[in-house]
Every structure is written in C-alpha cells, then in structure tokens.
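Everything on this sheet refers to the single structure shown next.
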Amino acid sequence: MASLTLAALACWLAPRSRYAQALHWWAAGAVLASGGALLNVSQNVLPTVLTLVVGNPLMALGVGLLIDGTHRLAGTAPRPLQWLVPLLCLAASSLWWGLWSPSLPSRAVVFSLLTVWLMGCLLAALWPLRRRGIGIGLAFVTVAALLLGGLMLVLALHALQGAMQPVSTPGNAFNTLIYLVGAMTFVAIQAGLILVHQLLIIEDLRLEAERDPLTGLLNRHALTSRLPPTLAGWALISVDVDHFKRINDTHGHGAGDRVLAFVGQVLQRHLREGDLAVRMGGEEFAVLLHGMQAATAHAVAERLRGDLERLAPEHAGLPVTASLGVALATAGAEFPVLWRQADTALYAAKAQGRNRVALATALQAAVP
C-alpha cells in the first residue's frame with residue numbers, strides 16, 4: 001500500500017513537472033515491482049508459474065523502469081540492457097530451478113546477486129545529478145539501496161550454506177526479516193527518488209531566478225551571491241553593444257533580442273570554470289575572469305570583440321560590434337569600484353571610435 005501510494009503521488013506530480021516522463025516511469029516501475037513481490041510471497045498459494053516465473057521477472061522489470069526513469073531525470077541515455085539481461089536471467093532461473101529442476105538455494109543466489117546489480121545500476125543512474133543540489137535525496141536513496149543490496153548478499157550466503165527454507169514455512173524468522181526489510185527499503189527508495197525530484201525542481205527554480213532568460217547569463221542580483229570573498233587577482237571586462245538603440249529602431253526589438261542572445265552565447269563560450277558572465281542590464285555585460293594579468297585579460301577581451309564582430313552576421317542576422325573596457329582588481333577592491341573602472345575604460349573605447357578594447361590605466365586602478 002505504501003509503494004502504491006507513492007506511485008500515485010508520482011503520477012499526481014507528473015503533469016506539474018518538467019520531468020513528467022521520469023515520474024511516469026517510476027510510478028509504473030513501483031506498481032510492477034509491488035505486483036511481482038505480492039506474487040512472490042504467494043508461493044504454495046498460487047501456481048509456481050505465477051509466483052516465480054512471472055513474479056521474479058516482474059520485480060526486475062519494475063526496478064528496471066525505476067532505473068530508466070532515473071536516467072531520464074538525469075538527462076542521460078537509458079540503458080535497458082542493464083535490467084533486461086537480469087530480467088531474462090531471473091525468468092530462466094525461475095523456470096529451471098522453480099519448475100523443471102527445483103533448487104531453492106540456486107534460485108535465491110541468482111535472485112540476490114541480480115538484485116545487488118540492479119541497485120548498483122540505480123545508484124549509477126543517479127550519480128550524474130550529485131552536483132545539482134540533491135545531496136539529501138541522493139543519500140536517502142543510497143542508504144536504502146545499500147541496505148537492500150547488503151541484505152541480498154546475506155540472503156545469498158544463507159542460501160549457499162544450505163540454510164534456506166521455503167517462504168511458506170511457518171514461523172521462519174529469517175524469511176520474515178528478508179521480506180520486511182526488503183519491502184521497507186524499496187518503499188524508502190521510492191520516497192528518496194521523489195525527494196530527489198522535488199529537490200531538483202527547487203534547484204532548477206533557483207537557477208532560473210539567477211539567470212537572465214534572454215541570454216542565459218547570470219543576472220545582476222545573482223552576481224552578489226557569486227562574488228568571491230576577495231577580487232584580488234581577478235579581471236573585469238565591461239561589454240557594451242555599439243549603437244544598440246539604432247539596432248532596435250532600425251530592425252525592431254526582435255532583432256535587438258537576437259543580438260543580446262548572441263552576445264550571451266559568445267561570452268559563455270569564452271568562460272573557464274570559475275569565471276562569471278553577467279548581464280548587468282540593457283545591452284551592458286560584465287565578464288569576471290580569475291587569475292588574470294593585464295596582458296592576458298586584454299587578449300581575452302580582444303578575442304571577445306573579434307568573435308562578436310566576425311560571427312554576428314551569421315548568428316545574429318546583422319552586423320554587430322561592441323566596445324569593451326578591462327580593469328584589474330587590486331587587493332581590497334570591491335566590485336562597484338572595479339565596475340566603475342572598467343566602465344570608464346569602456347567609455348574611453350567608445351570615445352576612440354567604438355569596436356575596440358580599452359584597458360583601465362594604473363592611475364584609474366588605484367582610485368577608490
């Protein structure tokens with residue numbers, strides 16, 4: 001009932017989520033795995049062909065859909081062979097050691113080891129999401145999956161020692177523990193996956209609130225939380241599209257939006273890990289580069305200017321140029337001061353004819 005309730009919750013969330021396909025896969029997987037588990041515990045009540053040959057593969061299919069749904073949540077390609085092969089192995093072992101040549105220990109070992117494999121595949125599918133603010137959810141699923149995997153290894157050892165008894169044996173404490181903990185961990189895995197989904201939605205909303213929707217760059221508000229404790233060793237490039245008002249007046253605001261989006265793409269292309277690109281407002285942009293000397297920062301700004309001019313006709317649909325100002329932070333410098341220095345250099349570039357890079361002078365860099 002708990003598993004089916006969580007499946008219903010996943011279905012209810014799906015129409016409201018950008019990850020609807022993952023939720024649908026999880027819901028279907030939970031229903032199938034729960035159905036397979038119910039068949040499995042009905043041994044000696046229902047025909048063996050249903051309890052083993054259908055029940056065991058059905059559980060593998062359910063977990064397989066959980067794995068595929070997780071791949072879809074992470075944006076990675078599903079790998080159906082990861083669970084289709086175990087499913088076929090379970091079907092074959094259930095048929096052989098359940099009907100044709102009954103062997104409870106052999107069946108238990110195969111079931112246990114394949115369950116451990118499926119838990120590993122589930123965690124591997126979640127791993128690409130580890131840096132997207134889902135730490136608590138990932139830990140929740142990991143603990144439950146490891147507990148279930150460990151339980152299955154204990155079951156395999158128990159079977160290899162010849163101590164296994166049929167599920168229907170009255171008063172068998174070991175079987176009761178296996179099924180109780182197995183059911184609880186599966187429900188915990190479902191709850192953890194839904195928690196991962198909710199945390200991912202929250203992280204996506206946070207990132208969207210920090211991004212300018214037109215250019216994909218950070219907005220000015222987000223910059224405040226991303227600035228390092230000290231700007232010493234950083235360079236700031238101020239970028240301003242030349243004659244942007246004329247572009248809007250001549251070609252329309254749609255063309256202006258295309259130009260701004262194009263500028264955002266070019267700036268992002270030149271970022272290294274740890275660098276920041278921000279739309280400060282209108283046609284003004286800022287690029288913060290760490291570990292930069294004056295000559296290197298000037299060279300980066302020149303490459304930016306050249307790419308904007310060279311690529312604009314093809315990607316923006318009209319000629320575009322920009323003026324850029326470069327300033328280097330000194331010890332104790334704050335962003336407003338650095339921005340003012342870079343902006344002063346930018347206006348110097350405009351005064352010199354636009355479509356060029358100007359470097360803030362050492363005198364400017366020393367002015368508070």
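The values are calculated or read from the model by the stated rules, or taken from the named source; none is laboratory data. Worth saying up front: this structure is predicted, and the values here are computed from it rather than measured. Cβ sites come from the backbone with ideal geometry, for glycine too, and all protein chains shown count toward neighbours. Remember, those area values only see protein heavy atoms, side chains included, never the ligands or the DNA or RNA. Shrake-Rupley method; radii C 1.70, N 1.55, O 1.52, S 1.80 Å.
Across the range 7-24, what is the total count of residues that are under 19 Å from Leu129 (Cβ atoms) and either assigned to a helix (DSSP H, G or I) or more than 20 Å from the chain's Cα centre (by Cα) (or both)?
Residues that pass the stated criteria total 8.
Taking into account only those residues within the range 275-297 that are in a loop (DSSP other than H, G, I, E, B) and at positive phi, which is most open to solvent (accessible area, probe 1.4 Å)?
So, considering only residues that are in a loop (DSSP other than H, G, I, E, B) and at positive phi, the one most open to solvent (accessible area, probe 1.4 Å) is Gly291.
Take Ala108 and decide whether it is open to solvent by less than 40 Å² (accessible area, probe 1.4 Å), at pLDDT 95 or above and either over 21 Å from Leu180 (Cα atoms) or among the aliphatic types (A, V, I, L, M) (or both).
no
Within the range 136-153, can one find any residue that is surrounded by fewer than 19 Cβ atoms within 10 Å (Cβ to Cβ), modelled with pLDDT under 90 and of a type outside the set (S, T, N, Q)?
So far as the range 136-153 goes, no, none of its residues is surrounded by fewer than 19 Cβ atoms within 10 Å (Cβ to Cβ), modelled with pLDDT under 90 and of a type outside the set (S, T, N, Q).
May I ask you to say which residue of Arg305, Arg269 is open to solvent by 20 Å² or more (accessible area, probe 1.4 Å) and either in contact with a helix residue (DSSP H, G or I) (Cβ under 7 Å, 6 or more places away or on another chain) or more than 19 Å from Pro213 (Cα to Cα) (or both)?
Just a single option satisfies the conditions, and that option is Arg305.
Let me spell it out: the conditions are (1) surrounded by fewer than 19 Cβ atoms within 10 Å (Cβ to Cβ); (2) of a type in the set (Phe, Trp, Tyr); (3) touching a Ser or Thr at 6+ places or on another chain (Cβ under 9 Å), and Phe174 meets all of them except one. Which number is the exception?
For Phe174, the failing item is (3).
Which one of Ala139, Ala163, Ala159 is among the hydrophobic types (A, V, I, L, M, F, W, C) and more than 30 Å from Ser106 (Cβ to Cβ)?
Only one candidate passes the filter, namely Ala139.
With respect to Val63, is the statement that it is modelled with pLDDT of 95 or more and either under 17 Å from Val110 (Cα atoms) or surrounded by 18 or more Cβ atoms within 10 Å (Cβ to Cβ) (or both) true?
In short, yes.
So for the range 158-165 (the condition being in contact with a strand residue (DSSP E or B) (Cβ under 6 Å, 6 or more places away or on another chain) and in a loop (DSSP other than H, G, I, E, B)), does at least one residue qualify?
no
If a residue counts only when it is closer than 21 Å to Leu4 by Cβ and under 27 Å from the mean Cα position of the chain (by Cα), which helices (runs of 4 or more DSSP H) contained entirely in the range 35-147 have at least 3 such residues?
Fully inside the range 35-147 and qualifying: 55-74, 104-126.
Can you tell me which of Ala322, Ala329 is in contact (Cβ under 8 Å) with a residue 24 or more places away in the chain, touching a Leu at 6+ places or on another chain (Cβ under 7 Å) and closer than 21 Å to Arg226 by Cβ?
The unique qualifying residue is Ala329.
Could you list all residues from the range 68-100 that are closer than 24 Å to Leu199 by Cα, buried (at least 19 other Cβ atoms within 10 Å of the Cβ) and not basic (Lys, Arg)?
Within the range 68-100, Asp68, Gly69, Thr70, His71, Leu73, Ala74 meet the criteria.
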